[in-house]
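Structure record follows, encoded as structure tokens.
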Amino acid sequence: MRIGLITDNPGHPLLSATAELLRASGHRVEVLHPGTSEETAGAPADVYLLKAHTPGGLNLARRLELRGAPVVNTAAATTLCQDRTLMAELAVRAGLPFAGTRTVGTLAGWAAGEGPGALLRSPVVVKSRHNRRDDLVARVDDPVVLRELVTVWPDEPVVVQEFAPNSGWDHKLWAVGDRVFAALRRSELSPQGRGPTLPLPHLPAGWADLTRRVGEVFALDVYGVDIIATADGAPLIVDVNAFPGIRHQPGAPEALSELALRRAKG
């Protein structure tokens, strides 16, 4: 089998370990930079793993799909997960327990239109509308914090999520096909910062099935779901990511190589 990796970071631990497993089994692994043209890519491989969210990577994936090549995840599913407005709308329509989300335009425009008084009723979480590395995610409790954010991110399109009281820890759930991996990480909203990722040997009942349901709704094969436990212990989804890093999860490279081969065989 020929397996293509669409990525600008083939040395990523998950990808490099997966490639090593595939090559050890006699399969050919080819790396395509997201800026690769369709002509340079040559004849389509048996399957592609799309670990790139840039316009170039998505366009390449779309062109390969039009030529009949299976891509994990599809360009359409990956693109949807980059827009938190569309993400929230789809999750709510599907009945998933997703954080209440509204789209408010740019941060400066929202701050000027809403006024600080609207924020004082309860804390909110402000996020970049477009899900990407190093995007804006911040808790806003008062006008002072809002003004500070506006000075840095005035033109950033944002969404506002209702803040749900929780333990301050994110449950990081990752899925590769039907396999679910989990860890704990301090919320990026925490004053102490994120800190290390900790093992989570036991998931609350039903959370693995909820993660798989997210994959069905979003048409994803490799994805991450960020969940917090609310005050009553109920799960609340706050983000969905297409093809996240899934670092240091025993069994993840094996699951990804098996998934790639299954998709390659049709």
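For the stretch 1-20, how many residues are touching a helix residue (DSSP H, G or I) at 6+ places or on another chain (Cβ under 6 Å) and either open to solvent by 60 Å² or more (accessible area, probe 1.4 Å) or of a type in the set (D, E, K, R) (or both)?
Here the count works out to 1.
Going residue by residue through the stretch 216-236, is there one that turns out to be without any contact (Cβ under 8 Å) to a residue 24 or more places away in the chain, surrounded by fewer than 19 Cβ atoms within 10 Å (Cβ to Cβ), hydrophobic (A, V, I, L, M, F, W, C) and not in a loop (DSSP other than H, G, I, E, B)?
Looking for residues that are without any contact (Cβ under 8 Å) to a residue 24 or more places away in the chain, surrounded by fewer than 19 Cβ atoms within 10 Å (Cβ to Cβ), hydrophobic (A, V, I, L, M, F, W, C) and not in a loop (DSSP other than H, G, I, E, B), one finds none in the stretch 216-236, hence no.
Which number in (1) within 29 Å of Ala108 (Cβ to Cβ); (2) touching a strand residue (DSSP E or B) at 6+ places or on another chain (Cβ under 8 Å) marks the one condition that Val176 misses?
Single failed check for Val176: (1).
Go through the stretch 245-256 and give me each residue that's out of contact with any Leu (no Cβ under 7 Å at 6 or more places or on another chain), crowded, with 20+ Cβ neighbours inside 10 Å and not in a helix (DSSP H, G or I).
Across the stretch 245-256, the qualifying residue is only Gln249.
Count, please, the residues in the stretch 72-88 that happen to be more than 13 Å from Ile237 (Cβ to Cβ) and either outside any helix (DSSP H, G or I) or touching a strand residue (DSSP E or B) at 6+ places or on another chain (Cβ under 9 Å) (or both).
Counting residues in the stretch 72-88 that are more than 13 Å from Ile237 (Cβ to Cβ) and either outside any helix (DSSP H, G or I) or touching a strand residue (DSSP E or B) at 6+ places or on another chain (Cβ under 9 Å) (or both) gives 11.
State yes or no: is Glu65 of a type in the set (Asp, Glu) and modelled with pLDDT under 95?
Criteria not met by Glu65.
Name the single residue that is nearest to the chain's Cα centre (by Cα) among those in the stretch 164-178 being more than 24 Å from Glu254 (Cβ to Cβ) and open to solvent by less than 50 Å² (accessible area, probe 1.4 Å).
Only one residue fits best here, namely Asp170.
Any idea which residue in the stretch 179-209 is most open to solvent (accessible area, probe 1.4 Å), counting only those that are of a type in the set (S, T, N, Q) and assigned to a loop (DSSP other than H, G, I, E, B)?
Gln192
Would you confirm whether any residue within the stretch 35-47 is under 23 Å from Ile246 (Cα atoms) and without any contact (Cβ under 8 Å) to a residue 60 or more places away in the chain?
Taking every residue of the stretch 35-47 in turn, none turns out to be under 23 Å from Ile246 (Cα atoms) and without any contact (Cβ under 8 Å) to a residue 60 or more places away in the chain.
Please enumerate the residues belonging to the stretch 123-135 that are within 20 Å of the chain's Cα centre (by Cα) and either in a strand (DSSP E or B) or crowded, with 18+ Cβ neighbours inside 10 Å (or both).
Scanning the stretch 123-135 gives Val125, Val126, Lys127, Ser128, Arg129, His130, Asn131.
Kindly check whether there is at least one residue in the stretch 186-209 that is at pLDDT 95 or above and β-branched (Val, Ile, Thr).
No, every residue in the stretch 186-209 fails to be at pLDDT 95 or above and β-branched (Val, Ile, Thr).
If you go through the stretch 148-173, how many residues are in a strand (DSSP E or B) and touching a helix residue (DSSP H, G or I) at 6+ places or on another chain (Cβ under 6 Å)?
3
Answer yes if at least one residue in the stretch 139-160 is surrounded by fewer than 16 Cβ atoms within 10 Å (Cβ to Cβ), of a type in the set (A, V, I, L, M, F, W, C), within 30 Å of Leu49 (Cβ to Cβ) and touching a strand residue (DSSP E or B) at 6+ places or on another chain (Cβ under 7 Å), and no otherwise.
Checking the stretch 139-160: not a single residue is surrounded by fewer than 16 Cβ atoms within 10 Å (Cβ to Cβ), of a type in the set (A, V, I, L, M, F, W, C), within 30 Å of Leu49 (Cβ to Cβ) and touching a strand residue (DSSP E or B) at 6+ places or on another chain (Cβ under 7 Å).
Please go through the stretch 48-84 and give me each residue that is over 17 Å from the mean Cα position of the chain (by Cα), touching a residue at least 40 places away in the same chain (Cβ under 8 Å) and open to solvent by 30 Å² or more (accessible area, probe 1.4 Å), ordered by number.
Of everything in the stretch 48-84, just one residue is over 17 Å from the mean Cα position of the chain (by Cα), touching a residue at least 40 places away in the same chain (Cβ under 8 Å) and open to solvent by 30 Å² or more (accessible area, probe 1.4 Å), namely Pro70.
Tell me which residues, restricted to the stretch 89-111, are of a type outside the set (A, V, I, L, M, F, W, C), farther than 19 Å from Ala234 by Cα and surrounded by 19 or more Cβ atoms within 10 Å (Cβ to Cβ).
Listed by number, the list is empty, since nothing qualifies.
The values are calculated or read from the model by the stated rules, or taken from the named source; none is laboratory data. All figures in this text were calculated on a predicted structure; none of them were measured in a lab. Virtual Cβ from ideal backbone geometry, glycine too; neighbours counted across all protein chains shown. Only protein heavy atoms, including side chains, enter the accessible area calculation; ligands, DNA and RNA are left aside. Shrake-Rupley method; radii C 1.70, N 1.55, O 1.52, S 1.80 Å.
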